[in-house]
Structures are given as C-alpha cells and as structure tokens.
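Worksheet: one structure, shown below.
The values are calculated or read from the model by the stated rules, or taken from the named source; none is laboratory data. Given the structure is predicted, the values throughout are model-derived calculations rather than measurements. Backbone-built Cβ (ideal geometry, glycine too); neighbour counts: all protein chains shown. Accessible surface is based on the protein model in full, side chains and every heavy atom, while ligands, DNA and RNA are left aside. Shrake-Rupley method; radii C 1.70, N 1.55, O 1.52, S 1.80 Å.
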Amino acid sequence: MTPNYETRGNVAVITLNNPPVNGLGYATRVALAEGLAAAQLDPAVKAIVITGAGKAFSGGADINEFGSPKASAEPNLLTVILALESSSKPTIAAVHSVCMGGGLELALGCNYRVAAPGALVALPEVKIGLLPGAGGTQRLPRVLGVENALNMIVSGAPVKSEALAKIPGQKLFDRIVEGDLMQGALAFAAEVADKRPLPLVRNLRADHPNPDAYFQFARNTVGAMSRNFPAPLKCVDAVAASVSRRFDDGLRHERELFAGLMFTPESKALRHTFMAERATNKIPDIPADTPLRTISSVAVIGAGTMGGGIAMNFLNAGIPVTVLETSQAALDKGIGVVRKNYEAQVTKGKLTPDKLDKRMTLLRTTLDYADLKDADLVIEAVFEEMGVKETVFRKLDAVMKPGAILASNTSTLDLNRIAAFTKRPQDVIGLHFFSPANVMRLLEVVRGEKTAKDVLASVMALGKTIKKTCVVSGVCDGFIGNRMIEQYSRQAGFLLEEGCTPAQVDQALERFGMAMGPFRMGDLAGNDIGWAIRKRRYVERPDVRYSKTADLLCEMGRYGQKTGAGWYDYKPGKRDAIASPVVVEMIEKHRAAKGITPRKIGDEEIVHRLVFALVNEGAKIVEEGIALRASDIDIVYLTGYGFPAHRGGPMCYADSVGLYNVVAAMQRFAQNPLDDVGFWKPAPLLARLAAERKSFT
Ligand code: NAI
C-alpha cells in the first residue's frame, strides 16, 4: 500500500503527494495506479476519491521529467487515465487550489468532479509550445462546450472553478463544495456509490451547431495572433477533431499533433525559457534558506526618467517610498510624471481612481537625507557620473540605519568603486532597472565583490514581490545585457559601412523576430547615450573600432525620437520611423571617404552577424562568471531586449543552429577584408564547446 492511500469508511482516498504542486512524475503515477488497483480489489471500498496534498490538486506534468524517458515510462498519464475509466467503482476527483494540464486531464478521466471555489483550472500546455497530450483536447470540449474549451486550450489561461461551474450546461464540475472539500467529496461519494452506469466524459458528445464556419473563424483569428508559433493552430485542429471524429480517433489525432509539436524549435525554445526563468533564482553559493532582511520601506534618490519608474514598482506592491531630489522643482516634475502615468492607466481602465489615490499616498518626497534614515532599502538613480554617485553614497552611509540595503541603478559604472565610498560595502548592491522601469520586467541584480549573501537573497525575493524577473550579474562594464548589446551595435554600424541602409538592417532583424531593429532601438533610447559611451571608449580603449556613422549622426543633432530625427525621420508627435534620405546620404559619403565599394548583403548575414556578436560576447560573460549560466543571458535578452520568444534567447538560438555552425559562420565573417579589428575571434568557451560538439545548455 502506498502512503498516500487510505480508506475513510467505505471510500478509498488517494492523495497525490509530490510537492510543490503534485506534478505527475513517475513515482506519483505509480502510487496512483497502485492505489487504484488496491481500491478495486478491496470489497469494502465502494467509491474512490482522488485529491492532492498541500497547495494543489495537481499542476500537471512534472517539469523535472521533461524530455527524460521517465516522462513516458509506464504507467504513463494516458494509461493511468485508462485505468480510471475502467474502474468498476465510481471515481471522484476532489479539485482544489491548482488543477492544470495533466492534473485536469486526470480529473477528466474520473467519473465525477467536485471542486473547492477558487481553484485555478487550466490547460496551459500551449504556453510551452505544446497541446494537452493526455486527452484534454478531446474531453474538455465534451464537458464545457467546444467554444469555451477552445478558448481555454488556445490561451492556456486559468479560469476559476466557480466561474466554470456557472457555464450553462457544463459537466466539468458536479458540485462546488463550500467549506471542507474532503467532507464534501466524501458526502458526494456516498450519494453516487451505488449509481450505475458510471458516467464517462468520453461517452459525451462534443457538438457545435456550425462547426465548419466556427473552426474556420477560429483558425483565422488564432493564426493571426500566433504568427511565429505553431501550437495554437494545432490546438484548434485537435479540438476540431473532438467534434468530427470518434473519441478514440480524436485521441489518436491529439497524440500525433502533440508528438509533432514536441520537436519544433518553437516548443524547445519555450520549454527552455520556462526552465531558464526558474533557474535564474538559483545562486549556487546561496542556500535557499538564507535569512532575509525585511524590506518594508524604500527610498529613491533622483526623480528623473528612472527614479520615478522605480518608485512606481514599490507603490504598486503597497510598499511606501520616499523620493529625494536636489530641488523642489525636480521633485514636482518627477512626481508629476508618476501621477500622469497612473492617470493614463485609469483612463485605460487598468486602475481604479481609488487605487491611484492609495498609491500616491504611499509616495513621500523630501530634500533632506535625514528623512531617509529609517528606510530598509535605498535605490540611487542620479546622473551617471562617478562624482555624483560618490557624493550620494557618502551621504547615505552617514544617515542610513545599520543593515539598510544601499543600491545603485548605475548602468555602466563600477559598482565595487561605488561600494567603496561607504564603510559598509557588504550592504551595497546594483539594481539595474530597464527603461521604462515601471513596465520592463527585467531587473539585473549586480553582485559586488563584497555584497553580503543575505543582501543578494533579500533583493532576489523583493524582485518577486515587485513582479520583476531578476538575473544576477557580476560587475563589468555594461553588466550582461548592455555589454552584449555593444557588440551587436558595433556590427550594425559595420553593416552600414559595407552597404546596408538602417532600414534594411532593422527589417532583417525584425523579420527574425526582434521587437525592434538596432537603429529603431537607438532612436527610441537616444543615440546620444551610445555616443557618450563611445567617447569614453575612444580614450580608454583605442584598440576597439566603431563605425563612425553613429558619431556623424549625433554630430548632426539627430539623437532620435526625442529630437524628432535620428536614423529615421519622425513626424511631430508620431513614432513611425520614416527612412531618411539625409542619413542615407551621410552613410554614402562616409563610405566613399573610406574608399569602400558597397555590396549587397542578405538577411541571413545581417541577422547572424548581429546575433552571433551577442552570442560570442555572451560566451565570454559565462566563462568569466559574470552570468551564472548561459540560460540567464537568454532571460536577459527575452525580458529586456525584445529578443523573439520563439527563439528562446541568443544562446538557445545558437544551440539550435549548432555551435559548430556558429563558429564556422564566424570564420566566414572573419574573411571579410573590412573586418580589420579581429572582431570574429570565437570566445574560448564557444570554441571549446563547438569543437566538442556540445551546446551551451
Ligand atoms: P535623469 O537625468 O533622467 O535623472 C536623474 C535625476 O537625478 C535628475 O532628476 C536629477 O535632478 C537627480 N539628481 C542628480 N544629482 C542628484 C543628487 N546629488 N541627489 C539627488 N538627486 C540628484 O537620469 P536617468 O535616465 O533617470 O538615469 C539615472 C540613473 O539610472 C543613471 O545612473 C543611469 O545610468 C541609470 N539608468 C538609466 C537608464 C535609462 O534608460 N535612462 C536605464 C538604466 C539605468
């Protein structure tokens, strides 16, 4: 007998028990199958209740088994569901908290389902590029109706049990149990113990009054919304089969579609991302049970572009914030922007006026450092100048209470030097938010040489509270994201010199799936930022060559959208990039001056030169220990730089191309006589992995 099997009167209760969410891994399936078999053999048992221990009924497949032979080892989920359907005694799923994916498919194999209110019910497989592969696409339409089921399967979004129970004619839930779920399930079991025949979802019909027109409509809508992803359309095909085919044929069709998706690069990329996001929180030398510092109040220094947005993150989470500036005027301006941002959300119906007021009352302002002394965390977001940072950190060191965390939002400066301005470098950390800081999910958490472990752990936990995706970075110029983007931008500049126009480069990258090509991105962020960085580099690193085109552009005063002109022209108040003849002429003149004969460059070369530039720098970043793992780099690019989700990030993309192919392409690029800077020397880690026919992941 398994420990998860017990009898309560004449009811057998089988409890899934695989924390944290009762994933249906091999051992759990074995326990379930054994429990079912035992219940069949015990003459005293009249009914069987299946439920989940702890925080879930079941979250579905065990992600730790993904891709391993264990995932499909017998008893697999399909055969467990068959065993449920063959039970001679009524089976009742007692659903609570979380019932997703395989968990829902399991429940649908039971004769009856009772649920606690508030349970989140979903078939989320589409989010990892798959479709439900254990009958979900065939059974859910039979209990919820075709349209409701298709919406859930194509979106993957969770719906609350009580909302589903209200759908007219639904057969998903036989009862919503208020109060104690197990008591309710046992009472229900007593009611149905002797009822025969046993109802099975497979015996119901999935009907639609006008299936052809409906599924045509569904294909058009879903196809338009999921351009780079094959799974949503396959979900439509599978659900259509629930109407047009007999149950077992539909099940077989679902299986074929599932198997086909399993090997698509898109699903591989999404599964990689799913695992990679979870990995970002694991820091090898910091145990999960590290005691955390309490952070219940925050101070922000500087109310400019970043300071205001940073403050909003905490206000949104109900954490009070005090903002300090150098003048009342700067405070008023900064706070005005915060209010305007919230008001825009109210106008769009995304925030109630009541909540706006609540958030604004959590926001205080000051010109006096003494008012910050009790804050648990202070984040500095003043001008990007070491001298200014020094003044600020010396003042903070003087006033902040012991144990307070001192953070800097610097994007390029040496955090170790900033920490050294204080007598408590162990309490100093980098919190590199991305602009707009209230919108962008990415937060690079910069671990200084002396940053204490509990400071890092506390900040990682805080990141979750404010709904950021945190990635740990070591200290280096540009940290992970910006250090890599510099190489990407350099290649983009070289492409202009060799024959491309900005629009041609942008379009190639956008066809690849980037949210924005490098030149449109430059115009949005402000070309003057890169200009300032290059001016510093020309002094510090004269060996690093950049195309002069970007400097020439800035010398023309074309900083981007904020000046109404950059790589492109802009109409007043509009963001549409219009190809600029002036810029094209500037590039042509520059080429002529350098004696370069332009050549036609294809999309593949454009994309690979830019993306492999990221990959090569990424490999250095991993090898130097700046990033903890290659997949962290993917998360940085997916959440902060608009890298296409269906490619899984630059490192995952390189793996999908094959690292030996990446190195071969780099060797071809190195033959280019215009590459006079040795740009394409493969990073040692990349060269080694390619030679060993290995991958980053
Ligand atoms: P900003 O120029 O918009 O704002 C800086 C604010 O700091 C101004 O309001 C200024 O009055 C205030 N300030 C200057 N000296 C001060 C002092 N001694 N005490 C108090 N307040 C002072 O600059 P932005 O763009 O907000 O950048 C701030 C920091 O964030 C910089 O370190 C920057 O590198 C970093 N950062 C900027 C990003 C961006 O996209 N703008 C992205 C990520 C980081």
Could you work out how much longer the chain between ALA420 and ASP675 gets when fully extended? Use 0.36 nm per residue separation minus the Cα distance between them, nm to one decimal.
87.8 nm
In nanometres, what is the gap between the two model label sites at THR305 and PHE66, each 7 Å from Cα along Cα-to-Cβ?
3.5 nm
Whenever you get a sec, compute what percent of the accessible area on region 481-691 sits on carbon and sulfur atoms (1.4 Å probe).
55 percent
Sorted by chain and number, the residues with a modelled amide H under 5 Å from that of ALA627, at a separation of 5 or more or across chains, are GLY474, VAL622
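Can you give the calculated 222 nm mean residue ellipticity of the chain, where each DSSP H run of n ≥ 4 adds -39,500 (n - 2.57) and the sum is split over every residue, rounded to the nearest 500 deg cm²/dmol? The partial results should precede the final answer.
Details: 28 runs with 337 residues, N = 697.
Calculated mean residue ellipticity at 222 nm is -15000 deg cm²/dmol.
Considering only DSSP beta bridges whose two residues both sit in the chain, what percent are antiparallel, to the nearest 5? Kindly include the intermediate steps, with their values, before the conclusion.
Details: 15 of 58 bridges.
If I count the DSSP bridges inside the chain, around 25 percent turn out antiparallel.
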Straight-line reach only, C-alpha to C-alpha below 17 angstrom: list the lysines that LYS166 could link to, leaving out same-chain residues fewer than 8 apart.
none
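Can you tell me the length gained on complete extension of the stretch ASN203 to LYS535, counting 0.36 nm per residue apart and subtracting the Cα distance?
Working: separation 332, 0.36 × 332 = 119.52 nm, distance 7.28 nm.
Contour length minus Cα-Cα distance gives 112.2 nm.
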Counting other C-beta atoms within 10 Å, and keeping those with at most 16, which DSSP coil GluC sites (Glu not before Pro) do you find in region 410-496?
GLU449
Nearest 10, in degrees from 0 to 90: the angle of helix 181-192 to the longest Cα principal axis of the chain is 30 degrees
Binning at 10 Å from 0, report for the chain what percent of all alpha-carbon pair distances ends up in each bin.
3, 13, 20, 21, 20, 14, 7, 2, 0, 0
Coil-residue trypsin sites (Lys or Arg not before Pro) of region 221-287, DSSP, other Cβ within 10 Å capped at 16
ARG227, ARG245, ARG246, LYS282
Can you classify region 24-104 as rounded, prolate or oblate using the Cα gyration tensor, where a ≥ b ≥ c are the square roots of its eigenvalues, rounded means a/c under 1.5, and otherwise it's prolate if a/b beats b/c and oblate if not?
oblate
How far apart, in nm, are the 7 Å Cα→Cβ label points at SER656 and GLU604?
1.7 nm
In order through region 590-605: 3J(HN,Hα) via Karplus (6.51 cos²θ - 1.76 cosθ + 1.60), integer Hz, x for Gly, Pro
4, 4, 4, 4, 8, x, 9, 8, x, 10, 7, 10, x, 4, 5, 5
Distance in nm between label sites at LYS358 and VAL584, each 7 Å beyond Cα in the beta-carbon direction?
5.4 nm
Suppose we flag chymotrypsin sites (Phe, Trp or Tyr not before Pro) only when DSSP calls them loop and at most 16 other Cβ atoms lie within 10 Å. Which is the longest uninterrupted stretch of the chain?
384-697
Which ³J(HN,Hα) values in Hz, rounded to whole numbers, follow from the phi angles of region 332-345 under the Karplus curve 6.51 cos²θ - 1.76 cosθ + 1.60, where θ = phi - 60° and Gly and Pro get x?
4, 5, x, 5, x, 5, 4, 4, 4, 4, 5, 4, 4, 5
C-alpha center-to-center spacing [region 620-678, region 466-512] in angstrom:
11 Å
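In square angstrom, what is the accessible area per residue of the chain with a 1.4 angstrom probe?
Working: 30250 Å² over 697 residues.
I get 43 Å² per residue for this part.
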Hey, what do the phi angles of region 346-351 turn into as Karplus ³J(HN,Hα) couplings, whole Hz, using 6.51/-1.76/1.60 and θ = phi - 60°, x for Gly and Pro?
5, 4, 7, x, 8, 9
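Multiply the residue separation of ARG196 and LYS55 by 0.36 nm, subtract the distance between their alpha-carbon atoms, and state the gained length in nm to one decimal.
Working: separation 141, 0.36 × 141 = 50.76 nm, distance 3.31 nm.
Extending this stretch completely gives an extra 47.4 nm.
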